[in-house]
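Asker: Once you've had a glance at the structure underneath, I'll fire off some questions.
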Amino acid sequence: MKYMKYPKCSTLLAVVLLLLVTQQGFAQRNPDKKAAEEAAKKEARMSLKEKIWFGGSLNLGFQSFGGQSTFGFGVAPMVGYKFWGPFSAGPRLSVFYTSVKFQGFKSLSLFNTELGIFLRAKIFRGFFLQGELANEWIQEPDTNAPIVDNKISKRRFTRGNQYIGAGYNFGGGPGTGGSEIGIFYNLAVGNDLYTTEQPWDYRFGFTYNF
């Protein structure tokens, strides 16, 4: 009965050695697996970086007519994400300041703010088509309101805008800067029978990584 224990001990020893060898094998493979995971994460970060592009425009205007003069300045940043093929989408913000001066009255400061989302498609080289849905908070002179302290009052309202347009991007590309021009038609203004505002919006801006 004493000698019957040796085969059992040998079997147990063999199992322990097998487990040690297997564990060592996993330990040796883990660094490779970790390196592969880190490489995949790095590639994903680079891919995301390549898919995001930035743009923006500066607007400056001045006009004078009929005893009225206006000066305006605005900025409009935007961020796009290339989600599939030639298509990209993202948010766009526009802030525009206007100073209006009527003859015989104090100057009036107006702020227009617009926030929306756009969808853009490259169609050929730098040419692109773009559509936008946006909400605009508008201030304008209210000449029908009572005049207090020789100053014209403001009228505030909100409007939903829908733009369709096209443009051309010069010199854009991955990791490089470029400039672009575009012309857009605001359907909300074009269909408004009670406004004298022009529905056409001309834009000149800059892009990076587009």
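Values quoted throughout were computed directly from the atomic coordinates according to the rules given, and no laboratory measurement underlies them. Please read these numbers as outputs of a predicted model, since none were measured by experiment. When we count neighbours, we look across all protein chains shown, and the Cβ atoms used for this are built from the backbone with ideal geometry, even at glycine.
Asker: Among 38, 114, 197, what is the fewest-to-most ranking by other Cβ atoms within 10 Å?
Answerer: 38, 197, 114
Asker: Related question: Taking the range 49-208, how many lysine pairs are there with alpha carbons less than 20 Å apart, if each pair must be eight or more places apart or span two chains?
Answerer: So the count of such lysine pairs works out to 9.
Asker: Measure off 7 Å from each Cα along the Cα-to-Cβ vector at residue 69 and residue 137, then give the distance between these two points in nanometres to one decimal.
Answerer: Going from the residue 69 label point to the residue 137 one covers 3.0 nm.
Asker: Sort 118, 62 so that the residue with the fewest other Cβ atoms within 10 Å of its own Cβ comes first and the one with the most comes last.
Answerer: 62, 118
Asker: Which whole-Hz ³J(HN,Hα) couplings does the range 193-208 yield from phi under the Karplus relation 6.51 cos²θ - 1.76 cosθ + 1.60, θ = phi - 60°, glycine and proline marked x?
Answerer: Result, rounded to whole Hz: 7, 10, 10, 9, 5, 7, x, 7, 10, 9, 10, 10, x, 10, 9, 9.
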